[in-house]
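FYI, it's all coordinate maths here, none of it is from the lab. Predicted model, so just to flag it, every value in this text is computed and none were measured. All Cβ positions, even for glycine, are placed from backbone atoms using ideal geometry, and neighbour counts span all protein chains on display.
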Amino acid sequence: MSYFRTAILLAALTALFMGIGYLIGGQAGMVIALLVAGGMNLFAYWNSDKMVLRMYGAREVDASSAPELYALVQRLAAAAALPMPRVHVMENPQPNAFATGRNPDHAAVAVTTGLLTTVSREELAGVLAHELGHVKNRDTLLMTITATIAGAVSMLANFGLYFGRGSNNGNMGIVGTLMLVILGPLAAGLVQMAISRTREYAADKAGAEISRHPLALASALEKIAGAAHRIPNMPAERNPASAHLFIVNPLSGARMDNLFSTHPNVENRVARLQAMAGEMGDTGIAPAGAQDTGPWSEQRRAAGRGPWG
């Protein structure tokens with residue numbers, strides 16, 4: 001059902017984009033708009049992962065520089081029947097994470113240093129499994145396309161401010177032009193947010209199935225959301241269009257009206273995960289030898305290790 005809803009929303013976003021192009025320049029405008037969007041999507045397909053990782057200053061780590069983190073991702077990727085993704089760490093105090101890449105063979109997961117100092121090993125596994133769920137569901141490509149089309153809608157609407165007189169109706173008038181400029185991007189943003197929220201629920205479900213501990217993921221979500229209230233994510237604040245990538249909304253305005261949120265309400269996500277825990281028999285008790293209830297960093301510091309190694 002989530003895939004069907006996502007397809008409907010993506011079709012609505014595409015129709016909105018084509019409609020604005022038609023209003024501005026008739027059939028020729030619609031064709032030109034589609035060509036521009038196609039070029040933007042092609043560029044995003046090949047370069048979006050590099051762009052977003054560079055935007056957040058993420059540095060790649062491996063089995064020698066971050067053995068525990070790398071091994072955990074490796075184990076979860078095997079459980080999900082996925083190729084091993086690239087692993088990155090962001091120097092950022094806000095606990096958060098995201099996945100990117102055009103397909104499972106070219107995927108990357110990135111976690112903040114704040115996440116590694118906030119959650120337990122089981123909770124970290126839940127977060128990483130959620131991000132691998134995005135990779136498995138190919139959400140990383142879907143959300144790139146969605147963001148690109150939404151951005152193209154805003155661009156076209158701005159064009160309409162200057163070229164509205166050449167519309168299919170001969171003259172949209174000042175009222176029509178203003179409605180195009182204001183309502184077009186707003187509608188595109190709302191559809192983009194709806195798609196993002198749908199995919200987050202699906203990734204929560206996939207993450208719980210991969211890690212086999214939905215309660216650990218639920219606990220991590222509560223910790224991340226609580227910390228996001230207090231700790232700003234400055235790169236995300238400067239690039240709000242990328243907020244939908246993160247497991248929890250990283251923006252300081254994330255507590256605004258739910259209609260404008262890129263993420264589902266954390267309480268609703270936790271409730272769904274708790275229901276899954278009941279179905280899967282997850283009691284919240286870590287397996288023998290894996291009792292790790294405090295921040296991972298405390299145990300690493302006690303062992304004389306670095307913040308993520």
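Using the alpha-carbon centroid of each, what span in Å lies between region 204-218 and region 41-63?
Each part reduced to its Cα centre gives a spacing of 26 Å.
Taking amide H positions as placed 1.01 Å from N in the peptide plane, with prolines and chain starts having none, which residues 5 or more places from THR117, or on another chain, fall under 5 Å of its amide H?
Placed amide hydrogens put nothing under 5 Å from THR117.
How much net charge surrounds ARG269 when only the other residues with a Cβ under 11 Å from the Cβ of ARG269 are counted, with Lys and Arg +1 and Asp and Glu -1?
Net charge around ARG269: -1.
Can you give the extra length, in nm with one decimal, that the chain gains between THR283 and ASN265 once fully stretched, where that is 0.36 nm per residue apart less the Cα-Cα distance?
Working: separation 18, 0.36 × 18 = 6.48 nm, distance 2.33 nm.
Stretched out fully, the THR283 to ASN265 stretch lengthens by 4.2 nm.
Quick one: length gained pulling ARG238 to ALA71 fully straight, 0.36 nm per residue minus the C-alpha distance?
Details: separation 167, 0.36 × 167 = 60.12 nm, distance 3.25 nm.
Gain on extension, ARG238 to ALA71, equals 56.9 nm.
Using a cut-off of 20 Å between alpha-carbon atoms, which lysines can reach LYS205, once sequence neighbours fewer than 8 places away in the same chain are excluded?
LYS205 reaches LYS136, LYS223.
From the phi angles alone, apply the Karplus equation (6.51, -1.76, 1.60; θ = phi - 60°) to region 45-61 and give each ³J(HN,Hα) in whole Hz, x where the residue is Gly or Pro.
4, 8, 10, 4, 5, 5, 5, 6, 5, 5, 4, 9, x, 6, 10, 6, 10
Would you please give the FRET efficiency between GLU222 and TYR201, computed as 1/(1 + (r/R0)^6) with r the Cβ-Cβ distance and R0 = 22 Å, to the nearest 0.05? Walk me through the intermediate numbers first.
On the way: r = 16 Å, r/R0 = 0.74.
Efficiency, rounded to the nearest 0.05: 0.85.
How much net charge surrounds ILE145 when only other residues with a Cβ under 13 Å from its Cβ are counted (Lys, Arg +1; Asp, Glu -1)?
Numbers: positive: ARG102, ARG138, ARG199; negative: ASP139.
Every neighbour counted, the sum reads +2.
For region 68-75, take each phi angle, set θ = phi - 60°, evaluate the Karplus expression 6.51 cos²θ - 1.76 cosθ + 1.60, and give the result in whole Hz per residue in order, putting x for glycine and proline.
Karplus values, whole Hz, x for Gly and Pro: 5, 5, 4, 5, 5, 4, 4, 5.
With a sphere of radius 11 Å drawn around the Cβ of ALA79, what net charge do the other residues whose Cβ falls strictly inside it have (Lys, Arg +1; Asp, Glu -1)?
Working: positive: ARG75, LYS136, ARG212; negative: GLU209.
Here the count lands on +2.
Report the gain in length on full extension from PHE43 to ALA78: 0.36 nm times residue separation, minus Cα-Cα distance, nm rounded to one decimal. Walk me through the intermediate numbers first.
Working: separation 35, 0.36 × 35 = 12.60 nm, distance 3.03 nm.
So the chain would gain 9.6 nm between PHE43 and ALA78.
If I take R0 = 51 Å and measure r between the Cβ atoms of GLN274 and VAL31 in this structure, what FRET efficiency does the formula 1/(1 + (r/R0)^6) give, to the nearest 0.05? All intermediate terms of the calculation are to be shown ahead of the outcome.
Numbers: r = 50 Å, r/R0 = 0.98.
In this case the efficiency is close to 0.55.
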